[in-house]
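Beneath this line is the structure, given in C-alpha cells, with notes to follow.
Every number here is computed from the coordinates shown, using simple stated rules; none is lab data. Note that the coordinates shown come from a computational prediction; the quantities given were computed from them, not determined experimentally. Neighbour counts are summed over all protein chains in view; Cβ atoms, including those assigned to glycine, are modelled from backbone coordinates with ideal geometry.
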Amino acid sequence: MTVYITQEVRGRDLSDALEFGELDILVPFGDQVSLSAMPTLRRMERKLVKFTSEDYLMLSGDPVCIGIACALAAAANNGRFKVLKWDRIEQKYYPIEVDLYQSSRR
C-alpha cells in the first residue's frame, strides 16, 4: 500500500498517514504548474500508473496537482480511488472511497 501525497507541504507532520502505507511525494515543495501542465502531469503519471485499490491519495498543495492526481488515479483503477481526509477535531485521517462509475448520472 502506498499513500501518494499530491504535493509536499513543508513543516507538516505526516507520520499518522504511515498506518495507511508507505509515503510517496508526487510533486516536491516549491514546484508548481505554470503555463503547461504537461511536465507535472508526466511526473505524476509515472508514479500513479501503478495506482491500485489498496493505495491512497493525500490531497495537499496546488489544486491543479490535486486535480491531476485524482484523474490519473481514477484512470489507472477503473474510476476508483481512495483519499485520506484529516479530521482536525479527532486529529486523525479517515479514508474516503470514490467510485466515479457508481454515480447516479448513468
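Modelled label positions at LYS85 and ASP13, each set 7 Å beyond Cα in the direction of Cβ, lie 2.4 nm from each other. Sites listed here are GluC sites (Glu not before Pro) in the stretch 1-72 whose DSSP assignment is loop and whose Cβ has at most 15 other Cβ atoms within 10 Å: GLU54. Extension gain for GLU54 to GLN32 (0.36 nm times residue separation, less C-alpha to C-alpha distance): 5.1 nm.
You can think of it this way: the chain between MET1 and LEU23 has 7.0 nm of extra reach, that is 0.36 nm per residue less the Cα-Cα gap. Sorted largest first, the principal axis extents computed over the alpha-carbon atoms of the stretch 12-106 equal 39, 39, 22 Å.
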